[in-house]
Amino acid sequence: SQTIHQWPATLVQPVGSPLSLECTVEGTSNPNLYWYRQAAGRGLQLLFYSVGIGQISSEVPQNLSASRPQDRQFILSSKKLLLSDSGFYLCAWSVPGKETQYFGPGTRLLVL
Amino acid sequence: SQKIEQNSEALNIQEGKTATLTCNYTNYSPAYLQWYRQDPGRGPVFLLLIRENEKEKRKERLKVTFDTTLKQSLFHITASQPADSATYLCALDFTGGGNKLTFGTGTQLKVEL
């Protein structure tokens, strides 16, 4: 069966520090991969999605970037965190051509 | 721009009753609509998908309707239980490409004994 992992589960970082969040999927090949952010009391905002290695689409201009170095690995990064980057970051995957997305456990990021 | 509206106020109901949650959207009518459940501090979990040519879909105690004329979906939980307490999100793909889901802000359901 397929599983999706995210780490770390929680992270407290100072303003201006770098960020690297990792997401890996097991049990499937060539998945579509997604990064979302959910601010407190807000809906999920799609940040990036990827349909293949090295193929990244950005949805909103921001302080973040994403990379997909391997088929089932998706990384969210920042060179310098802002206070507004705080939130709950969720990685998800889907089978290409299928509508349903499967979410990871999330990373709660607090920037101080 | 396309918008999804879910009742931001929490819905409190008594155990055993039917909970009904609403999802309204504007402009473009998507080919399908999905409902997800999210527990505090967890990622959303897929529940049901309904397509534009389906009026109703059921799964155990869950029922979803999709009215493309009203641009509305209703999500029902019958014989509700305290374990059904969670936030329920509706999601649509306005692009039609299958890659970009837009989520509503969700409605929090609390089932009381």
Accessible solvent surface per residue of chain A, calculated while the other protein chains remain in place, 1.4 angstrom probe, Å²: 47
Surface per residue (accessible, 1.4 Å probe) for chain B, Å²: 51
Average other protein chain Cβ within 10 Å of Cβ, residues B:34-45: 4
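Can you give the FRET efficiency for A:THR3 and B:ASP39, using 1/(1 + (r/R0)^6), R0 = 25 Å, r = Cβ-Cβ distance, to the nearest 0.05?
Between A:THR3 and B:ASP39 the formula returns 0.90.
State, in square angstrom and to the nearest 100, the accessible area buried between chains A and B, both chains counted, probe radius 1.4 Å.
1500
Mean 1/r over all different Cα pairs, inverted: what Kirkwood radius does the stretch B:1-102 give, in Å? Walk me through the intermediate numbers first.
Values: mean 1/r = 0.0710 Å⁻¹.
One decimal place: 14.1 Å for the Kirkwood radius.
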Shielding by other protein chains, A:45-53, mean Cβ within 10 Å: 1
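Sort the following peptides by mean Cβ neighbour count (other Cβ atoms within 10 Å, averaged over residues), highest first: B:3-15, A:23-35.
Descending packing order for the listed peptides: A:23-35, B:3-15.
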Length gained when the stretch B:ASP67-B:GLU5 is fully extended (0.36 nm per residue, less Cα-Cα span): 20.9 nm
Hydrodynamic radius of chain A per Kirkwood, over alpha carbon pairs, in Å: 14.0
Nonlocal amide H pairs with B:LYS110, under 5 Å, H built at 1.01 Å: B:LEU11, B:ASN12, B:ILE13
Carbon + sulfur, % of accessible area of chain B - ligands and nucleic acids excluded, 1.4 Å: 45
Shielding by partners, peptide A:31-39 (average Cβ within 10 angstrom, other chains): 2
Fraction of accessible area attributable to carbon and sulfur, the stretch A:14-112 (%, probe 1.4 Å): 53
Cβ-derived FRET efficiency at R0 35 Å, B:THR95 paired with A:VAL15, nearest 0.05: 0.50
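The values are calculated or read from the model by the stated rules, or taken from the named source; none is laboratory data. Predicted model only: the values in this text are computed from it and were never measured. In this analysis, Cβ positions are derived from the backbone assuming ideal geometry, glycine residues included, and neighbour counts consider all displayed protein chains. To get the accessible areas, we keep the full protein, side chains included, count just its heavy atoms, and leave off ligands, DNA and RNA. Shrake-Rupley method; radii C 1.70, N 1.55, O 1.52, S 1.80 Å.
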